[in-house]
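Asks: For reference, the structure I am asking about is given below.
The values are calculated or read from the model by the stated rules, or taken from the named source; none is laboratory data. Keep in mind that this is a model prediction, so the values were computed, not measured. As a convention, Cβ positions derive from the backbone with ideal geometry for all residues, glycine included, and neighbour counts pool all protein chains shown.
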Amino acid sequence: MDRDDRWAQEAAIVGLFADLPGWSVARTVLLYAAAFPEEIETVPLLEIAYGSGKRVVLPRVDTIAGRLRLHPVRDPRNELLPGILGIPEPRPDLPEIDPESIDWTMVPGLAFDQQGDRLGRGAGHYDRLLPTLRPDCSCWSIALTCQIVDGFPVEPHDIALDGILTPDRRIRGVGRSTGQRPPAA
């Protein structure tokens, strides 16, 4: 992707981010620190959250339990360390919070479709986390236009998002309220 085009797309997403459904009323938000080339830089989104007075929570991979642990982060420069695959994660000594306390979630992914499905990295951490969130917790992703595709495999345990924000549109997904997918016939 052309560097200038990517910068323009990321800037557009940052400009639209605070208008996502559920964001304005959310008090505790789960975001993530970008670590991979295909991920949009999330520092500006963290700044938006802090500037809006949100309680910002970031995930840490617990490899032994095979799940994400959630920690409030007030100072990313001092409270994040390189974790699995070099992903910036909260220090393990920070307090942990229950997923039920999250009001709004941003979920990472490699690719997304028109129904709100996401293709992750294959470890299933978010697939296990999403069902533990309250049913009224909004779950969104951000994506460059080239990350919206059709035709990737969707498994029965995959949970669709409420939506995906791209530089030029909001894609409304089927959301988590429908539950897990029925087995394929």
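Asks: Can you name the residue in the stretch 104-124 that is at pLDDT 90 or above and not in a loop (DSSP other than H, G, I, E, B) and is also farthest from residue 166 (Cα to Cα) among such residues?
Replies: 104
Asks: Next up: Restricting the search to the stretch 127-159, which residues are over 16 Å from residue 20 (Cβ atoms) and either touching a Gly at 6+ places or on another chain (Cβ under 6 Å) or among the acidic types (Asp, Glu) (or both)?
Replies: Once the filter is applied, which keeps residues that are over 16 Å from residue 20 (Cβ atoms) and either touching a Gly at 6+ places or on another chain (Cβ under 6 Å) or among the acidic types (Asp, Glu) (or both), the stretch 127-159 yields 127, 150, 155, 158.
Asks: Applying the selection to the stretch 27-38, what residues are in contact with an Asp or Glu (Cβ under 7 Å, 6 or more places away or on another chain) and assigned to a loop (DSSP other than H, G, I, E, B)?
Replies: Those that are in contact with an Asp or Glu (Cβ under 7 Å, 6 or more places away or on another chain) and assigned to a loop (DSSP other than H, G, I, E, B): 27, 34.
Per-residue answers, yes or no, for (1) under 30 Å from residue 151 (Cβ atoms); (2) in contact with a Ser or Thr (Cβ under 9 Å, 6 or more places away or on another chain):
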residue: 70; (1), (2): no, yes
residue: 81; (1), (2): no, no
residue: 87; (1), (2): yes, no
residue: 92; (1), (2): no, no
residue: 95; (1), (2): no, no
residue: 105; (1), (2): yes, yes
residue: 110; (1), (2): yes, no
residue: 115; (1), (2): yes, no
residue: 123; (1), (2): yes, no
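Asks: OK, next. Looking at (1) without any contact (Cβ under 8 Å) to a residue 60 or more places away in the chain; (2) surrounded by 13 or more Cβ atoms within 10 Å (Cβ to Cβ); (3) over 20 Å from residue 30 (Cα atoms), which one does residue 139 not meet, given that it meets all the others?
Replies: (3)
Asks: Also, quick follow-up: Report whether or not residue 53 is at pLDDT 95 or above, part of a loop (DSSP other than H, G, I, E, B), on the phi > 0 side of the Ramachandran plot and surrounded by 15 or more Cβ atoms within 10 Å (Cβ to Cβ).
Replies: For residue 53, the condition - at pLDDT 95 or above, part of a loop (DSSP other than H, G, I, E, B), on the phi > 0 side of the Ramachandran plot and surrounded by 15 or more Cβ atoms within 10 Å (Cβ to Cβ) - is not met.
Asks: Look at the stretch 62-96 and say how many of its residues are part of a loop (DSSP other than H, G, I, E, B), closer than 16 Å to residue 50 by Cα and not aliphatic (A, V, I, L, M).
Replies: Total meeting the criteria: 2.
Asks: For the stretch 1-26, give me the residue count where each residue is among the β-branched types (Val, Ile, Thr) and either assigned to a helix (DSSP H, G or I) or surrounded by 13 or more Cβ atoms within 10 Å (Cβ to Cβ) (or both).
Replies: Total satisfying the criteria: 2.
Asks: When you look at residue 58, is it surrounded by fewer than 16 Cβ atoms within 10 Å (Cβ to Cβ), in a strand (DSSP E or B) and in contact with a strand residue (DSSP E or B) (Cβ under 9 Å, 6 or more places away or on another chain), yes or no?
Replies: no
Asks: Taking only pairs six or more apart or across chains, which ones have beta-carbon atoms under 6 Å, a first residue in the stretch 79-96 that is among the basic types (Lys, Arg), and a second residue that is surrounded by 13 or more Cβ atoms within 10 Å (Cβ to Cβ)?
Replies: The qualifying pairs are 91/79.
Asks: Residue check: is residue 130 touching a Pro at 6+ places or on another chain (Cβ under 6 Å) and not in a loop (DSSP other than H, G, I, E, B)?
Replies: Judged against the criteria, residue 130 is not a match.
Asks: Of the conditions (1) at positive phi; (2) modelled with pLDDT of 95 or more, residue 85 clears all except one; give me its number.
Replies: For residue 85, the failing item is (2).
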